[in-house]
Amino acid sequence: MNCPYCGHDNSNVLESREAEEGRVVRRRRECEKCDKRFTTYERVGNIGLKVVKKDGRKEVFCREKLEKGVRKACWKRDVLEKDMNEVVDEVEMMLLNRKSTEIPSRDIGKLLLTRIKRLDQMAYIRFASVYLDFKDINEFRSYLRKVSKDGKQKN
């Protein structure tokens with residue numbers, strides 16, 4: 001582990017503990033050269049998950065893309081960072097627990113869409129507008145009416 005301050009490649013672990021409900025190990029470290037302290041987080045890497053895109057291309061699953069999508073949807077909304085991270089964790093865990101290691105991108109989008117809906121209605125509409133790829137404004141209006149009706153029926 002390289003020190004983020006001086007770049008030295010040796011550090012001492014001062015403390016280790018579980019984080020994120022046991023999915024991550026948090027370590028406090030001290031650089032042997034400059035004596036500054038820093039924190040690292042260790043998580044198991046994805047075991048060969050591949051995302052199958054609409055055009056059939058396959059690419060390696062990237063958690064950061066999930067995070068970016070959720071953050072964009074929740075931008076300037078009153079959504080806690082912790083809640084956004086929980087959505088990403090939940091979706092990632094569901095993907096890792098699937099039998100297949102090849103996951104269609106549309107399945108990932110559906111999982112995110114249903115979870116973002118629980119966070120914030122506007123974030124949900126933002127994400128839906130990108131994920132559902134409306135052809136025109138009328139299609140989008142129709143979707144908004146449907147979502148509005150669904151919301152009223154639940155209250």
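Rule-based calculations on the coordinates, nothing more; no lab input. This structure is a prediction, so every number in the text was calculated from the model and none was measured. Please note: Cβ atoms are built from the backbone with ideal geometry, for glycine as well, and neighbour counts cover all protein chains shown.
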Fully extended contour minus Cα-Cα distance, from residue 142 to residue 77, at 0.36 nm per residue: 21.0 nm
Using the Karplus curve 6.51 cos²θ - 1.76 cosθ + 1.60 with θ = phi - 60°, work out ³J(HN,Hα) for each residue of the stretch 128-141 in order, rounded to whole Hz, and write x for Gly and Pro. 4, 5, 8, 5, 7, 6, 4, 7, 7, 5, 5, 5, 5, 4
Looking only at aspartates and glutamates whose Cα falls under 17 Å of residue 54's and that sit 8 or more positions away or on another chain, we get 102, 107, 133
For the stretch 104-109, take each phi angle, set θ = phi - 60°, evaluate the Karplus expression 6.51 cos²θ - 1.76 cosθ + 1.60, and give the result in whole Hz per residue in order, putting x for glycine and proline. x, 4, 5, 5, 5, x
How large is the convex hull of the Cα atoms of the chain per residue, expressed in Å³ as a whole number? 168 Å³
Within 10 Å of each residue's Cβ, count the other Cβ atoms and sort 59, 64 from fewest upward. 64, 59
So what is the diffusion coefficient of the stretch 50-138 in µm² per second by Stokes-Einstein at 10 °C and 1.306 mPa s, using a Kirkwood Rh over Cα pairs? 117 µm²/s
For the stretch 11-59, the charge dipole (Cβ of Lys, Arg +1; Cβ of Asp, Glu -1; about the Cα centre) points to a positive end, and the Cα of 56, 38, 13 closest to that extreme belongs to 56
Over 18 Å between Cα atoms, which of 68/110; 53/110; 50/82 qualify? 50/82
Computed ³J(HN,Hα) along the stretch 89-97: with the Karplus parameters 6.51/-1.76/1.60, θ = phi - 60°, integer Hz and x for glycine or proline, the list is 4, 5, 5, 4, 5, 5, 5, 5, 8
Taking the stretch 5-91 on its own, what percent of its Cα-Cα pair distances exceed 23 Å? 47 percent
